[in-house]
Amino acid sequence: MTLLYCKDGLIGDFLGFVPVITELAKQDELHLVIHPESAAIFSLIPKKLNISQQQPVHYNRILKLDAYEACKISHIHNYYMSQAHFAYLGMPVPSIPPKAELEYEAVDVALFDYILAPFSRSLPSEQHWPKEQWQKLVDQMPQYSFCIIGHERDDHHFIAGNNVTGMFNKPIVQIINVLKRARRGLISIVSGPSHLAFHLGVKNYLLTNQQMTWGNNPDAIQVRDYLPALTAERLSTILQTF
């Protein structure tokens, strides 16, 4: 019986853990210690794996996942986060970044052309796209519908328009269904929704200035212009190209 500590709480970090968690669960009975903020993603791990949280029993093996240390390994070997955790635990590293197996209910949601994810609590300011450019983008594309997603702490009035709907602090299952049903995909910076798009197989236009592989959705259409100078006109052209 194995106990695994997964103390990092950000959505992207925990999603990156899930493939190695799944592999460990196939090898041995597995219990987890998780950050409270990870509970929503933990609930999506398939029930057939019989993974539970820590119990007062004797464990034959105790392991720990550490996003900070795995990130160091990623820089050395050019791994995406879901690969780096295998390396951190000394396990064979998948040659292709593995996706999390997630189990979720299909629920009724509104349909949108693009989902927007402009928020992050961990990125420095120079890795955010300016608010006025997000607004210009939706203004110059009135023929498309946009849904902006975020947490309750984010600015609910970040952008506005007749073609813009806000979805803040909604259950993860609702967010998943909105992403999966988006007609043209997700536009995001490097953040939880981008990682979620990778694991769900959702098209992602990723606005990124990060040079390392660690956090960049490997399946994304990566827009690597210097973000503070990226214009809505330039991004609109890219959106029409792909």
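The values are calculated or read from the model by the stated rules, or taken from the named source; none is laboratory data. All figures in this text were calculated on a predicted structure; none of them were measured in a lab. Using ideal geometry, Cβ is built from the backbone for each residue, glycine included, and neighbour counts are taken over all protein chains shown. Note: accessible area is taken over every heavy atom of the protein model, side chains too, but ligands, DNA and RNA are not part of it. Shrake-Rupley method; radii C 1.70, N 1.55, O 1.52, S 1.80 Å.
So which of GLY12, GLY16 is open to solvent by less than 70 Å² (accessible area, probe 1.4 Å), modelled with pLDDT under 95 and under 25 Å from VAL173 (Cβ atoms)?
Exactly one of GLY12, GLY16 is open to solvent by less than 70 Å² (accessible area, probe 1.4 Å), modelled with pLDDT under 95 and under 25 Å from VAL173 (Cβ atoms), namely GLY12.
From the list GLN140, GLN133, which residue is buried (at least 19 other Cβ atoms within 10 Å of the Cβ) and over 20 Å from LYS203 (Cβ atoms)?
Going through GLN140, GLN133 in turn, the sole match is GLN133.
Filtering the range 71-106 down to residues that are hydrophobic (A, V, I, L, M, F, W, C), open to solvent by 70 Å² or more (accessible area, probe 1.4 Å) and free of Cβ contacts under 8 Å to residues at least 40 places away in the same chain, which residue is nearest to GLY201 (Cα to Cα)?
This residue is ILE96.
Looking at (1) open to solvent by 90 Å² or more (accessible area, probe 1.4 Å); (2) under 17 Å from PRO19 (Cβ atoms), find the lone condition where LEU32 falls short.
Unmet for LEU32, out of (1) open to solvent by 90 Å² or more (accessible area, probe 1.4 Å); (2) under 17 Å from PRO19 (Cβ atoms): (1).
Just one of (1) of a type in the set (A, V, I, L, M, F, W, C); (2) within 14 Å of LEU227 (Cβ to Cβ); (3) open to solvent by 30 Å² or more (accessible area, probe 1.4 Å) trips up LEU111, so point out which.
Answer for LEU111: the failing condition is (2).
Residue by residue, here is whether (1) over 21 Å from ASP154 (Cα atoms); (2) of a type outside the set (D, E, K, R); (3) part of a loop (DSSP other than H, G, I, E, B) holds:
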residue: VAL173; (1), (2), (3): no, yes, no
residue: LEU179; (1), (2), (3): no, yes, no
residue: ARG183; (1), (2), (3): yes, no, yes
residue: ILE187; (1), (2), (3): no, yes, no
residue: HIS195; (1), (2), (3): no, yes, no
residue: GLN211; (1), (2), (3): yes, yes, yes
residue: ASP219; (1), (2), (3): yes, no, yes
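Return a yes/no flag: does the range 40-53 have any residue that is open to solvent by less than 80 Å² (accessible area, probe 1.4 Å), under 21 Å from TRP214 (Cβ atoms) and of a type outside the set (A, V, I, L, M, F, W, C).
No.
Look at the range 1-38 and say how many of its residues are free of Cβ contacts under 8 Å to residues at least 60 places away in the same chain and either assigned to a strand (DSSP E or B) or on the phi > 0 side of the Ramachandran plot (or both).
Selection size over the range 1-38: 6.
Taking the conditions exactly as written (surrounded by 12 or more Cβ atoms within 10 Å (Cβ to Cβ) and at negative phi), does TYR68 satisfy them or not?
Working: surrounded by 12 or more Cβ atoms within 10 Å (Cβ to Cβ): no; at negative phi: yes.
Taking the combined requirement at face value, the residue does not satisfy it.
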